[in-house]
Amino acid sequence: QVQLVESGGGLVQPGGSLRLSCVESGSIFSINTMGWYRQAPGKQRELVGTATSGGSTNYADSVKGRFTISRDNAKNTVYLQMNSLKSDDTAVYYCYARAFIGAVYWGQGTQVTVSS
């Protein structure tokens, strides 16, 4: 059974930083893409950013220049470094993984709250 376990969420003041981590385990299929989505109250889940096993990254316009995704393929881990956080970044952040065969997996979510 595939598991994606997130950590690192919490409460931070506007302008602050947080780093999320997500560890994948249990997949018998090689993982191509890992990344992050988020869902704010009353809104649809939206892309934050993704990174392929080859190192290509993709970001939502709203986080470009502030968030950075990185991967440690040897540890099956993806990170999300979030800087210059705004109240609009408040959401549940979900880890995402997609295998080369197309199977998609989700983490349970971690809350990020940006508030003074």
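Data overview
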{"item": "All positions within the range 41-88 that are within 14 Å of residue 18 (Cβ to Cβ), among the aromatic types (Phe, Trp, Tyr) and out of contact with any Cys (no Cβ under 9 Å at 6 or more places or on another chain)", "result": "67"}
{"item": "In the range 63-103, residue farthest from residue 41 (Cα to Cα) [restricted to those that are open to solvent by 20 Å² or more (accessible area, probe 1.4 Å) and of a type in the set (Ser, Thr, Tyr)]", "result": "70"}
{"item": "Residue 12 being surrounded by 13 or more Cβ atoms within 10 Å (Cβ to Cβ), in contact with a strand residue (DSSP E or B) (Cβ under 8 Å, 6 or more places away or on another chain), closer than 16 Å to residue 108 by Cα and touching a residue at least 40 places away in the same chain (Cβ under 8 Å)", "result": "no"}
{"item": "All positions within the range 17-58 that are aliphatic (A, V, I, L, M) and either exposed (fewer than 14 other Cβ atoms within 10 Å of the Cβ) or at pLDDT 90 or above (or both)", "result": "18, 20, 23, 28, 34, 40, 47, 48, 51"}
{"item": "Of all residues in the range 104-115 being touching a residue at least 12 places away in the same chain (Cβ under 8 Å) and open to solvent by 30 Å² or more (accessible area, probe 1.4 Å), the one that is farthest from residue 82 (Cα to Cα)", "result": "105"}
{"item": "Residue match in the range 64-73 (condition: within 18 Å of residue 109 (Cα to Cα) and acidic (Asp, Glu))", "result": "no"}
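The values are calculated or read from the model by the stated rules, or taken from the named source; none is laboratory data. Just so it is clear, the structure is predicted and the values come from calculations on it, not from any experiment. All Cβ positions, even for glycine, are placed from backbone atoms using ideal geometry, and neighbour counts span all protein chains on display. Only protein heavy atoms, including side chains, enter the accessible area calculation; ligands, DNA and RNA are left aside. Shrake-Rupley method; radii C 1.70, N 1.55, O 1.52, S 1.80 Å.
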